[in-house]
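The values are calculated or read from the model by the stated rules, or taken from the named source; none is laboratory data. The shown structure was predicted, so the numbers you read here are calculated from the model rather than taken from an experiment. Please note: Cβ atoms are built from the backbone with ideal geometry, for glycine as well, and neighbour counts cover all protein chains shown.
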Amino acid sequence: MRGRKYILIITIIVLPLTGCWSATELTDIIIATAIGVDKSEDGYRLSVQIINPGEIAGSAENTTRTATTTYTAEGKTIFEALRRMTTIAPRRIFLSHVQVVVISEEVAKEGIGKVLDFLVRDHEFRADFILLIARDYSAKNIVSVITPLERISANKITSSSAASEKYWAPTRDVELNELMQGILSPGREAVLSGIHILGDEDLGKFKSNAEKTEPFALLYINEIGVFKGDQLVGWLNEDESKGFNYITDNVTSTVGGVDCDDDGRIIVEVFRSDVKMYPKVDGNQVTMRIHADLLVNLGEITCDISTETQEDLRAIEEKIEENLNEIMQNTIEAAKKLEADIFGFGDRVRRSLPRDWERLEKDWTTHFLNTNILLQSTVNIRHSGMIHDPFMDDIKKKNQEE
Amino acid sequence: MRLRSKKRTAEEKQKIIENISISDQAEISTSLRENDEIIRKMLGNSDDFISRKILLNKQQPIQVQLYYIDALVDKDTLQNDLLGCILNLPSKVDPSWKTEKDLYDFLQNETINTSDLTKIENLKELFSNLLSGDTIILIEGYSKAFATNTRGGQDRGVPEVTTQKIIRGPKEGFTERIGTNIGLVRRRIKDPNLWVKKYCIGEKTQTEVSIAYINGIVNDDIVKEVDQRLSRIEIDSILESGYIEQLIQDAKYSPFPTINNTERPDTIAAGLLEGRIAIFVDGSPFTLLVPALFTDFLQSSEDYYQRSDIGTLLRLLRTFAFFLAMMTPAGYIALTMFHQEMVPTTLLVGLAAQREGIPFPAFIEALIMEITFELLREAGVRLPSSVGSAISIVGALVLGQAAVEAGIVSSAMVIVVSLTAIASFVFPSYNLAITVRILRFGFMALAASFGFFGIFIGLILLVFHLVSLRSFGIPYTTPLAPFIAVDQKDVFVQSVLWKERTRPRLISQKNITRSKLNLPEAQKKKR
Amino acid sequence: MDQKISAYQFFILVFMNTLGTAILFIPTHATTYGKENGWITVVFATIFGLLVIAVYNAIFSKEETRSLFVIIDDNFGKWLGSISILFALLFAYFTTFANLWSIGQFVGLHILMGTPPEAIVLLVILTCLVGVRYGIEVIGRASEIFLPFTLISLILLVGLVWPEAQLDNIQPILQTNVAGAFVGIIPVIGITFLELFCLLGVIHRVNNIPQAKKAFFIGGLVAGFCMIIVTFACIAVIGVDGTIRHIYSIYFLGQNISIAEFFERVEGLVAFIWFITIFFKICTNFYFIAIAIKHLGGLKDFRTVTIPIAYFLFVSAVTSLPNIFYDFELMNSTYLVYAILTGFLLPILLLIVKIARKK
Amino acid sequence: MLFPTILLMIVSVIVFYLEYKRIKQKQAKKDNWVFMIFMVLATIFLFVYMCDLPTPDFVAFFEFLFKPIRGPFFTWLIQYQ
């Protein structure tokens, strides 16, 4: 037992011999927060948004430098381009804090598989960044926009993407794992949300963009891009995107409206949505029964309608149900037009009826196009906000009296 | 009166003087002159050594010689109870007394007023008593001496504890006098089973060391072990209980203390009641308590004086502080040098901004700050209190502001170091705080070479070391490993007092029941 | 002065040894064979593994004081016994350096990018060396200290990924790939329960043999349960495809944790669980090697050979395996064959001989 | 590799000496012999590795040992993947 202290001594001797290979000081790295991937002549053009820490942290007085900087490099693959960037960047680029990867529409149409391999394989990337498609603009410009409230635009993108998914539901927060599942699983196709610039894309790169109450350029996320395999094949519009989120049971909260008989509208706030799919296979005919169960609050009523009796409410509920069915129907039609099973109908069949799936798997696309859809919605109104009865008719009455 | 003449030659005397410290049995001569010579020679005619010659019984004079050391005796006792008695002695001394016993009885029963009179058989005892503050009485023609207890001298009374302050609980602390100390404990435990055993350790210092334990509760094996270890000590001096601690502890090369020490009589009493053994050392207010387990160092006696929820909270806090004090700088180094991906983005950006322009790597930066802090702390202890505040101002300004503004260290590092410092002051035991200070640097080095993996390896080695330790036969990490379920009630969680009905299992194996009544239930029954 | 451990400590050692490599590789392995039924594969593997433990337990009679090696010698005779022990010893050696290799790879890939695996292996083997030289008592007690942390980490991990789980991912249950799900049992128990053979070298150190047998069983059961939960969580959260594709899928699982923007990036938790468990596995296997050599050579003290073995293990661990693909192939071929021979056939043979001799 | 090699050699000599002394204290002659043989072998093994010479490959040995069973078993198993 006497040997134990010698072993400790030896450990201490050997320690300095082995240490410090992987140590990197914070002053030796630059933190990347967003990556943009564009097409270049023979490969990809990579734009990396990096943080200028001195400008962001603490109470340091504002200087004339911007909070983020964008470096761009070209290469045949992503990794090559990234390594080529070291010739421009002052320090090693640290990728673990990447929050957003923006892929240009051009690249997406060609196929994103080649882009993804590096993102999945490289150890520095973490799994929790979101992917977006730059619509109409180059990914480089989107990464370069300076946003007014958040000094790091990547933060702005992630938070607004999450917020819009949560409260409005026309977008989808897609992280790497979900995208990979969509691309690779049989019986399911992937989707990615689109990102746009609202305003002047060139002026958005200046610091002065954040100095105006109405900035030159703003980023906004809207609509969902549909993939077939790893290629972008088309877009769903806002309503269809919302329908997509309904069908895939991804709505946490949204707002929906129906027209009244007169010119007003009834707006309801959905606060719980539960959608289930029940597949049925009859020979080669697939029938998908989709059952939606919504709980809503009355949010805004701008028409002359009564909410006094249960029958009145039932009438409103029915209206909303009709509207919901229509949205979902339209979405499915749109997807069928693009021949992409983004809802995972096939996956559903595979999981519930694996024997049938083995038969159907080979030409699932045709089966998908022939799928019968049965939509069943139940909407229940829970609350009417702070007031009981709408007052539009009272206003009207008063107006008439005068 | 028969005089046994037993003259010694000059060589013989010299021999006795040389060997006196070694040979126990050098006898006292019957000749007063000879004894006087030997004693004077041994003490080198020291000036604080006083001898006084008295003649008893004017008719047939008997020479009596008194010896004492000026600084050690209580002058009042000496004058009133001893000198007064002997000088006012009526001429009762009967020359016809045949034996020494008669004289002893006479002195004991009729003459001397002091509390204590002992017969001394040989020179070694004589010196030992003389140097403890007794007054030695030698009588011409007798080969025995008498020691009267005139011990006295300076004592500072029962002071307030200085090192282990608590809010609720007794304020008195141990003093340098061993008798007072044992008394303080005895006053708390009025049990005849509280046994005290005395040792005399240190060839030159002849320090009185006592062990105390409650018979019937204590584990006899441990008593035997302590006894053996104390008897085995061969050293010239024991100046503080720290000497004893180092000489009898189990793991001589371990940074962890395997013996607890305290200034508080109530802590000792509580320890005795759990079946531990207290070791008192004369001249030190710090009393040792064995066996000491790792978890003891995270507990304060105050825990038991408060309600259990507070006690539990404080213990968990201290455990947390233990890790904090040991790991914070290491964790910071690992995070900023190796694992940047683990830091939330906003925080990382903040850290990166602070580190812009700092010339040192994080490890060196941490080392600089930690060493500066240790220096300040050490200086703070040594400095007279009037200068102490100046040092703290300098420390606060140098560490807190100027260094950051000058760009030598980052403000995050200042936070880390102050956190560590605060956490290391949380422990009720100073011992463990020192351990943590030592280990902190080891962990920093490991973190600088291997990041969290290094810290992990360090942790494993630390645990291996901890569990391999034993304190007087009891595994150091009891009751965590080996895991004893019933004893968990008083480790990190302190259960309510009326439920702590058993003593720790391994320490006390015989009488483990503390209270038979489940108090609240008994009260309920009454109602 | 024989060191003794308690049944509770033995239970922890069983738990740690079963989870050792398994926690990191089992989700991938089981899912590779069983696809959606991967977790069912682990369920069956656990049941089968408990049978294996029953066989192990049967080797030791109620009041056994002999060590495994003495039992082997007594039943097989000196020559055959020695060969069997050597065979088992080499298996333990194989396990140990393969585990060392994988810890080097994992740390080099995920924790300390760029640090050569040699350094990491060296550090681990030195730490294990310290542990082994302290003896089994200290290893047992240290495991007691670490058990709560391991369990808390495990519970945290599973608890935190739960919100991300999609139960759709585990369907269909036992409809497709049924054969794969059953065949998958073999590689799964190959790197879990069959490696428990090394713990037979320790069982006679437990102060109460009947309780030790119980602890053996419960340890296997609890560890199996943990593996089932983890595999289930992997499939439910990251899907079959992701689980198969990632080498360390449970680590990827940890990366998916995101609670309240604070409990993010806690995959270190996974690394912690794995380190602790594999650490004790390496320690016990190392100990097994040392005591086996002690028995074969008739030595006084097993510590005699620990330092040279550490040297051997270090070199083997850094040179023997070229890359991760080879490791996977090995785990499905040579290693598996070896594991079945030592961990399954040898004990059964021993049991048969023992029963035959009794009659 | 020169510096680490030299350092490791020095370390192993120190280790050798300390262990040797420790075992000698226990007066176990056989242990001492076994330790010396093992230690010399291990040091050679380590040295061979440090000098980038081919080291004995245990895995290859095991592969060889189980050659007849290994191949068919693997092919059988892999088809279920």
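Within the stretch B:275-291, does at least one residue satisfy the condition of being assigned to a helix (DSSP H, G or I) and touching a Ser or Thr at 6+ places or on another chain (Cβ under 8 Å)?
Looking for residues that are assigned to a helix (DSSP H, G or I) and touching a Ser or Thr at 6+ places or on another chain (Cβ under 8 Å), one finds none in the stretch B:275-291, hence no.
Tell me which of these D:A42 doesn't satisfy, since it passes every other one: (1) at the interface with chain C (Cβ under 9 Å from one of its Cβ atoms); (2) surrounded by fewer than 17 Cβ atoms within 10 Å (Cβ to Cβ).
Of the numbered conditions (1) at the interface with chain C (Cβ under 9 Å from one of its Cβ atoms); (2) surrounded by fewer than 17 Cβ atoms within 10 Å (Cβ to Cβ), the odd one out for D:A42 is (2).
Which condition from (1) surrounded by fewer than 19 Cβ atoms within 10 Å (Cβ to Cβ); (2) within 29 Å of C:S333 (Cβ to Cβ) is the one that D:V59 breaks?
The single condition D:V59 does not satisfy is (1).
Look at B:F373 and say whether it is part of a helix (DSSP H, G or I), of a type outside the set (V, I, T), modelled with pLDDT of 90 or more and surrounded by fewer than 20 Cβ atoms within 10 Å (Cβ to Cβ).
For B:F373, the condition - part of a helix (DSSP H, G or I), of a type outside the set (V, I, T), modelled with pLDDT of 90 or more and surrounded by fewer than 20 Cβ atoms within 10 Å (Cβ to Cβ) - is not met.
Any idea how many residues of the stretch A:244-281 are in contact with a Leu (Cβ under 8 Å, 6 or more places away or on another chain) and within 15 Å of A:A335 (Cβ to Cβ)?
The number of residues fulfilling the criteria is 2.
Select from the stretch B:336-350 the residues that are touching a residue at least 40 places away in the same chain (Cβ under 8 Å) and of a type in the set (A, V, I, L, M, F, W, C) and write down the one among them that is farthest from the other protein chains (Cβ to nearest Cβ).
Looking at residues that are touching a residue at least 40 places away in the same chain (Cβ under 8 Å) and of a type in the set (A, V, I, L, M, F, W, C), I get B:F338.
Report every pair of residues separated by at least 6 positions or lying on different chains whose Cβ atoms are under 9 Å apart, first residue within the stretch C:113-131 and at the interface with chain A (Cβ under 7 Å from one of its Cβ atoms), second of a type in the set (D, E).
C:M113/A:E124
Out of C:V337, C:V353, C:V318, C:V305, which single residue is touching a Pro at 6+ places or on another chain (Cβ under 8 Å) and outside any loop (DSSP other than H, G, I, E, B)?
Selected residue: C:V318, the only one of C:V337, C:V353, C:V318, C:V305 that is touching a Pro at 6+ places or on another chain (Cβ under 8 Å) and outside any loop (DSSP other than H, G, I, E, B).
Which of the following residues is among the β-branched types (V, I, T), within 14 Å of chain B (Cβ to nearest Cβ) and either part of a helix (DSSP H, G or I) or crowded, with 21+ Cβ neighbours inside 10 Å (or both): A:V48, A:V98, A:V107?
Just a single option satisfies the conditions, and that option is A:V98.
Residues to consider are C:P172, C:P187; find the one that is facing chain A (nearest Cβ under 9 Å), buried (at least 17 other Cβ atoms within 10 Å of the Cβ), within 25 Å of C:I47 (Cβ to Cβ) and not polar (S, T, N, Q).
C:P172
Quick one: count up the residues across the stretch C:1-35 that are assigned to a helix (DSSP H, G or I) and within 14 Å of chain D (Cβ to nearest Cβ).
Number of matching residues: 8.
Looking at the stretch A:62-95, which of its residues are part of a loop (DSSP other than H, G, I, E, B), within 28 Å of A:D173 (Cα to Cα) and not polar (S, T, N, Q)?
A:A67, A:L95
Taking the stretch B:334-352, which residues are touching a Gly at 6+ places or on another chain (Cβ under 8 Å) and either surrounded by 21 or more Cβ atoms within 10 Å (Cβ to Cβ) or part of a loop (DSSP other than H, G, I, E, B) (or both)?
Selection gives B:A334, B:M337, B:F338, B:H339.
Please give the number of the condition C:W274 fails out of (1) within 30 Å of A:V120 (Cα to Cα); (2) among the aromatic types (F, W, Y); (3) within 14 Å of chain D (Cβ to nearest Cβ); (4) touching a residue at least 60 places away in the same chain (Cβ under 8 Å).
Of (1) within 30 Å of A:V120 (Cα to Cα); (2) among the aromatic types (F, W, Y); (3) within 14 Å of chain D (Cβ to nearest Cβ); (4) touching a residue at least 60 places away in the same chain (Cβ under 8 Å), only one is false for C:W274: (3).
Considering only the stretch B:195-222, how many residues are closer than 19 Å to B:L293 by Cα and surrounded by fewer than 18 Cβ atoms within 10 Å (Cβ to Cβ)?
Residues meeting the conditions: 2.
What residue, of B:K124, B:K190, B:K165, B:K119, is under 18 Å from the mean Cα position of the chain (by Cα) and among the charged types (D, E, K, R)?
Going through B:K124, B:K190, B:K165, B:K119 in turn, the sole match is B:K165.
Scan the stretch C:323-331 and tell me whether some residue there is surrounded by 21 or more Cβ atoms within 10 Å (Cβ to Cβ), under 20 Å from the mean Cα position of the chain (by Cα), at negative phi and within 14 Å of chain D (Cβ to nearest Cβ).
Within the stretch C:323-331 (the criterion being surrounded by 21 or more Cβ atoms within 10 Å (Cβ to Cβ), under 20 Å from the mean Cα position of the chain (by Cα), at negative phi and within 14 Å of chain D (Cβ to nearest Cβ)), the answer is yes, since at least one residue qualifies.
Filter the stretch B:160-179 for residues that are crowded, with 16+ Cβ neighbours inside 10 Å and of a type in the set (V, I, T) and give the result.
B:V161, B:I166, B:T175, B:I178
Which of (1) in contact with a His (Cβ under 6 Å, 6 or more places away or on another chain); (2) within 19 Å of B:F456 (Cβ to Cβ); (3) not acidic (D, E) is the odd one out, the single condition B:M342 does not satisfy?
(1)
If we keep just the residues of the stretch A:1-45 that are of a type in the set (S, T, Y), in a strand (DSSP E or B) and farther than 15 Å from A:A89 by Cα, which is modelled with the highest pLDDT?
Result: A:Y44.
How do the pairs read when you match residues in the stretch B:437-455 that are in contact (Cβ under 8 Å) with a residue 12 or more places away in the chain with residues anywhere that are of a type in the set (D, E) and surrounded by fewer than 20 Cβ atoms within 10 Å (Cβ to Cβ), using Cβ under 9 Å and keeping only pairs 6 or more apart or on different chains?
The qualifying pairs are B:R437/B:E374.
Quick grid of which residues meet (1) within 20 Å of A:A32 (Cβ to Cβ); (2) assigned to a strand (DSSP E or B); (3) small (G, A, S):
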residue	(1), (2), (3)
A:L132	yes, yes, no
A:K140	yes, no, no
A:I157	yes, no, no
A:E178	no, no, no
A:H196	no, yes, no
A:F227	no, yes, no
A:G234	no, yes, yes
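Here is a yes/no grid of residues against (1) within 12 Å of another protein chain (Cβ to nearest Cβ); (2) in contact with a helix residue (DSSP H, G or I) (Cβ under 9 Å, 6 or more places away or on another chain); (3) not in a helix (DSSP H, G or I):
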site: C:K213; (1), (2), (3): no, yes, no
site: C:G220; (1), (2), (3): no, yes, no
site: C:T231; (1), (2), (3): no, yes, no
site: C:G239; (1), (2), (3): yes, yes, no
site: C:G242; (1), (2), (3): yes, yes, no
site: C:I247; (1), (2), (3): yes, yes, yes
site: C:Y251; (1), (2), (3): yes, yes, no
site: C:G254; (1), (2), (3): yes, yes, no
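Quick one: A:K114 ticks every box in (1) more than 14 Å from every other protein chain (Cβ to nearest Cβ); (2) under 22 Å from the mean Cα position of the chain (by Cα); (3) not in a helix (DSSP H, G or I) bar one, so which box is it?
The single condition A:K114 does not satisfy is (3).
Does D:V34 fit the bill of being under 14 Å from the mean Cα position of the chain (by Cα), facing chain C (nearest Cβ under 7 Å), among the β-branched types (V, I, T) and crowded, with 18+ Cβ neighbours inside 10 Å?
no
Got a sec? Which helices (runs of 4 or more DSSP H) wholly within the stretch A:305-402 have at least 2 residues that are of a type in the set (V, I, T)?
The qualifying helices (runs of 4 or more DSSP H) are A:310-338, A:364-370.
Taking the residues in the stretch D:45-56 that are surrounded by 13 or more Cβ atoms within 10 Å (Cβ to Cβ) and not hydrophobic (A, V, I, L, M, F, W, C) as candidates, determine which candidate is farthest from C:L341 (Cα to Cα).
It comes out as D:Y49.
I'm checking my understanding of the structure. Among residues of the stretch B:147-170 that are at pLDDT 80 or above and touching a helix residue (DSSP H, G or I) at 6+ places or on another chain (Cβ under 6 Å), which one is farthest from B:G283 (Cα to Cα)?
B:R168
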